[in-house]
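Notes to accompany the following structure.
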Amino acid sequence: MSQQKQKNTPWVVGNWKQNPKTPDEVCSLIGGLSGLELKNCHVGVAPSTLHLPLVVGRLPAGIAVMAQDVCATSGDVGAYTGDVSAAQLAACGASWVIVGHSERRAYYNEDNAVLAQKIAYAALANLGVVLCVGESREAYDMGKTQSVLKQQLLVLQDVDIDPKNLLIAYEPVWAIGTGLTPTVAEVETVHQLIKATATQYGFSEDTPVLYGGSVSDKNAPDFAKSPNINGVLVGGASLKPDSFKKIIDSFVSN
Ligand code: PGA
């Protein structure tokens, strides 16, 4: 076991995205997580904003409740139709928020300026931030992964957040929901770049960097073995409690 692995308790985060449809289905997902072994592993679950209050208090103790998005225009209350602020999320029991997911970047044109605002408001409300970065298939094929990530990580130069409240998730866009993944060696190289870049902006080399994109109970053990992969952000497989629990087990037993 490497030094880094000992220092960083890994994270396994389930991003439910716009799932499931009904409150009953939310309750059965939560029921499927009962009996979770949380020793040596942080676990987080990010339900849709609508389902946050349903999830808070029902999840097994110790699982962090995460939001999937936060308002960029205001951190508190006010005339912002359709938005949900960092203060509201915190008051409803969320302790983290995902920022910069590639689906938000693609469908809502979120750029570094918007993301910096979101991170700033999250920090003010004492929410932790899971900052997602990742390159498109085209950028990957053209060997531009590093330059894309450096551009995305520029957002860190403008933010004032307690380093212990920051997780970075490397999610290649082409790996999300496709069943494709980079090799563990490729992920390790990228994670080293992310850590080195975060250090330039005043964050610690120990900033946890998670991998996300088609993580399954089959490939999780390989990711879990790497000292440079400090956890995973899981989409589809987090909607299958048995798979999600196996993924957690892979990180617990490493
Ligand atoms: P996936 O999604 O695990 O379904 O590929 C990951 C993500 O988008 O966070």
Any residue at all in region 218-233 that's near the ligand (Cβ under 10 Å from one of its atoms), over 22 Å from A120 (Cα atoms) and surrounded by fewer than 16 Cβ atoms within 10 Å (Cβ to Cβ)? no
Flag if C132 is open to solvent by less than 50 Å² (accessible area, probe 1.4 Å) and either within 18 Å of L193 (Cα to Cα) or more than 16 Å from the ligand (Cβ to nearest atom) (or both): yes
Which condition breaks for L193 when tested against (1) over 28 Å from E25 (Cβ atoms); (2) loosely packed, with under 15 Cβ neighbours inside 10 Å? (2)
Within region 166-184, can one find any residue that is open to solvent by 20 Å² or more (accessible area, probe 1.4 Å) and acidic (D, E)? no
Selection over region 9-50 where residues are part of a helix (DSSP H, G or I) and among the small types (G, A, S) yields a count of 2
Using beta carbons and a limit of 7 Å, which pairs, at least six apart or on different chains, have the first residue in region 150-161 and under 12 Å from A198 (Cβ atoms) and the second one part of a loop (DSSP other than H, G, I, E, B)? L156/Y201; L156/F203; Q157/Y201
Conditions (1) away from the ligand (no atom under 16 Å from the Cβ); (2) in contact with a strand residue (DSSP E or B) (Cβ under 8 Å, 6 or more places away or on another chain): number failed by A196: (2)
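The values are calculated or read from the model by the stated rules, or taken from the named source; none is laboratory data. All of these numbers come straight from a predicted model, not from anything done at the bench. Note that each Cβ is placed from the backbone with ideal geometry, even for glycine, and that neighbours are counted across all protein chains shown. We work out accessible area using only protein heavy atoms, side chains counted, and drop any ligands, DNA or RNA first. Shrake-Rupley method; radii C 1.70, N 1.55, O 1.52, S 1.80 Å.
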